[in-house]
Structures are given as C-alpha cells and as structure tokens.
Amino acid sequence: MTARICQQVFEQYQKARIQFIQSVSDLAVKSYNVESLIKFGILEIISPLINDIVPTISQTALMTLGRLAGHDERIAQLILKKDVLSCIVKNFKKQNKFYKKAALFLLRSIAKHSSELSTIVINEDGLIAIMFGLEDFDSGVKESAAWAIGYIARHNKNLAQTVVDAGAVPLLVLCLQDPDLCLKQISTSALSDIGKHTTELAQSVIDSGTISILAKTFSISDAKLKRQVFTLLGNIAKHTVEFSELVVETEVFSSCLIHMSHPDENVVKAAATLTREVCKHTIELAEMIVNAGGIAALIELIGTTKSARVPAIMALGYIAGYSDQLALAVIDSQILPNDTRARRLFVTSGGLKKVQEIRVEPDSTLSEYITIINCCYPEELVRFYSPGYQDSLLDAVEQYQPRCEPLQNIVKPSKSTDTNILAPI
C-alpha cells in the first residue's frame, strides 16, 4: 500500500513537470508571451532541464529555448550565458533523434540572428554537433542540421568558408539526393547560402557535383523546391561567365523562361533573377536568351508579376547593352513611357547609355524608336549618356573664364582697438 502511494506521488510529479514544460513551450511560440516568460525567470527554470533524466522533458526544454531564442537576439544572448551549448555538444552523437532535432533547432535559432552569434556557436563546438547531424541516418535530423548550416553560412563569406572547411558541402549534396522533399528543399537553400558570397565558394559547390544533380531534383513539381533551385543557380551564375555557361548547359535553365508564367510568384521571381544573372555577362549569353524568346517573356512578366519586375527590368537593361533591337521591344511594350521605376532601372543597368551608342541611319525605324526612348528622359540626362559628352564638358572647363574676384582685391577688415567688437552678442 505504501509503495503504491509513493508511486502515485512520483507519477503525479512527473506528469506535472511534463505538463509544465509543454505549456511553457506552447506559450513560447507566440512572440507576445516572450517578455512575460523572461520576467518570470523561465530561462533559469528550464535551462537545467535540458539535462533532465526524462527524455520528454529534456527535449521539450531544448525546443522551448529554441523558440525563445528565435524571437529575439537579446534572448539568444541570454541563453548562451546559461552555458547550454556545452551541454548540447556533450554526448550529442549518443542522443536519440528527437533530442538531436531539438538541439539543432536551438543552435540554428541562435545562429540566425547575426554573424557574431554564429561565431559563438562555432567556437563552442556547435558546428561539430551540426556536422554530426548531417551525417545522421534520420532525414529529420539531417534537415535540422542543413537548416543550421544555411543560417550560419548566409551571414558572410568567412562563416560560409568555415562550414565548407568543415566538410558541409559534400554532405549537403548527399542530402539533396535524399527522397525526403523537405530535406531536398533545405539542403538546396543551404548550398545557395554558401555559394552566393564568392567565386571560390561557388566553385566548391560546383566541384561537389551540385549542378548535375539539380536537373534530377528539378523534375519534382514542388514550387518551393523549384524556387530554391533557381535561386541556387542564380547565386552560382552571377560570379563569372564560366559559371553562367555551366548553368545554361543544365536542363533546368532551358525551362527558366517557361517558369516565368508559373502560378507561384516566388518561382517567377527566382526565374527572372536567374535570367538576369546569366545575361549580364556576355553578348553571347544575352543573345541566347533573346533568341529563346526571353524579351517577350520578361516584358510579359513585368506587366503581370509585381515582385519580379525589378530583376526582369534589369535583365532587359543588361540585354540592351548588347542588342540594338531591344529598343523596339521595350517601346512596343510601352514599359518606359508608363513606368517610372522601369525608366530608372533602364538607366542604372546601362540600357539608356547603350541606346545612345547605337549607330542608325537617319529617318530609319530604329532611329524613330530611339527618339521615343530619349523622350522618356530629361534632355540633360540623354546628353550625359551621349558619346563625347564628357569630352565636351572638359573642353568647356578649359574655355571657362572664372568670374570670382582675385583674392588680393578682397578688402580685409581693419583692426580695431575696440574690443567690444569681438565680444559675443
């Protein structure tokens, strides 16, 4: 009888503890609850629970800390002061998949805020735990680890190089080939966050066979995955002509223009951005896009998808730097006369300057279109981008006669013995 009573007491205690930590975890989801939880000392209460002997409690404590850290950088810093990272890294490899996912969630929630916090995570051996996660058999654990890699790498090139040196890229490429769709999405995003910074980092992504694998991945109809594939290819193509040519050779790029009419606006924007990054490098790449019907697709996009207008207009501007006939397409679409932002982007991307450099026959159709383009801009701006204008300005400087009065003719104030003159008013 006594043993049963004791057992009931302990069961009630454990049930209350689990109910408490679960309730706090649910509250931590909402940002408006965070300050109240902090004031009640929740960090001091749950931080020790990550080492609790009850697995449900330790895992939920980690998840709660991750939710709190994700809301605010200041709270993430407070959590770091509780020395939780050393507890996570210790014996991480021996923990079950639920603990690993919760721990990796906490690491990425801290790292996402800034490069400084990401550096602390790395210095506290958090990257070691993340790499163990990428090597795990469970796709959910690998997903959490890939997410953490992306959050660290996106901050700057030094952090991205750190994860590359740790061997993250080949493991992410393996994750890219996993049947799990969510893991494909997140590993693609993480590779994009690595490759976007420098040519060398993009090369490390290419060398791991990423581009050839993306074609197989892209056959999946998921819109989010398509967007991330386009974004990854764009972040590679933007660096060099050679990288752009590699991207163009993929099966993915051949469907880029088609996806500018995709029902998902994010896919459309990513496709337009990829097109912009490719066509900016050489006349051959720009002509390839033009010959594939790229001008018509970009112009149609500008009129239908608001979020993709900027990369689409910039792509047209880059193409204008190589193709005289773009002037015809731009005017026929009535983009420049009716869109202030389009006119600005056409200037900043070099389109207006190129138009002034085109040599045309007087009274020709192309000459008329160039005149219409020029009428969309102030006369002084057109003159500024006209060939020889800067030389004419320098000639004007040489011929200009200064009208300022010689210094010796300026009358200096006479000295006065009246000290009151210098007194402050």
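Scanning segment 100-143 for residues that are open to solvent by 10 Å² or more (accessible area, probe 1.4 Å) and within 16 Å of GLN59 (Cα to Cα) yields LYS100, LYS101, PHE105, ARG108, GLY140.
Taken over segment 166-185, the criterion of being open to solvent by less than 20 Å² (accessible area, probe 1.4 Å) and more than 14 Å from PHE218 (Cβ to Cβ) is satisfied by ALA168, VAL169, LEU172, VAL173, CYS175, LEU183. Taking the stated definitions as given, is VAL310 without any contact (Cβ under 8 Å) to a residue 40 or more places away in the chain and part of a helix (DSSP H, G or I)? Here the answer is yes, as VAL310 does meet what is asked.
If the condition is being loosely packed, with under 13 Cβ neighbours inside 10 Å and part of a loop (DSSP other than H, G, I, E, B), then segment 359-398 contributes ARG359, GLU361, PRO362, ASP363, SER364, CYS375, PRO378, PRO387, GLY388. In segment 61-89, which residue that is at pLDDT below 95 and under 17 Å from VAL141 (Cβ atoms) is least open to solvent (accessible area, probe 1.4 Å)? Once the filter is applied, the top-ranked residue is ILE88. Annotation: of all residues in segment 90-99 being in contact (Cβ under 8 Å) with a residue 40 or more places away in the chain and not polar (S, T, N, Q), the one that is most open to solvent (accessible area, probe 1.4 Å) is PHE98. Taking the criterion of being open to solvent by less than 50 Å² (accessible area, probe 1.4 Å) and either in contact (Cβ under 8 Å) with a residue 40 or more places away in the chain or in contact with a strand residue (DSSP E or B) (Cβ under 7 Å, 6 or more places away or on another chain) (or both), the residues of segment 17-44 that qualify are ARG17, ILE21, VAL24, SER25, ALA28, VAL34, ILE38. Report yes if THR56 is of a type in the set (Val, Ile, Thr), part of a helix (DSSP H, G or I) and at pLDDT 95 or above, otherwise no. Judged against the criteria, THR56 is not a match.
The set of residues in segment 212-238 being free of Cβ contacts under 8 Å to residues at least 40 places away in the same chain, under 19 Å from VAL169 (Cβ atoms) and surrounded by fewer than 21 Cβ atoms within 10 Å (Cβ to Cβ) consists of SER212, ALA215, LYS216.
The values are calculated or read from the model by the stated rules, or taken from the named source; none is laboratory data. Keep in mind the model is a prediction, meaning the values are calculated, not measured. Here Cβ is always computed from backbone atoms with ideal geometry, including for glycine, and neighbour counts include all displayed protein chains. Areas reflect the complete protein model, heavy atoms only, side chains present, ligands, DNA and RNA absent. Shrake-Rupley method; radii C 1.70, N 1.55, O 1.52, S 1.80 Å.
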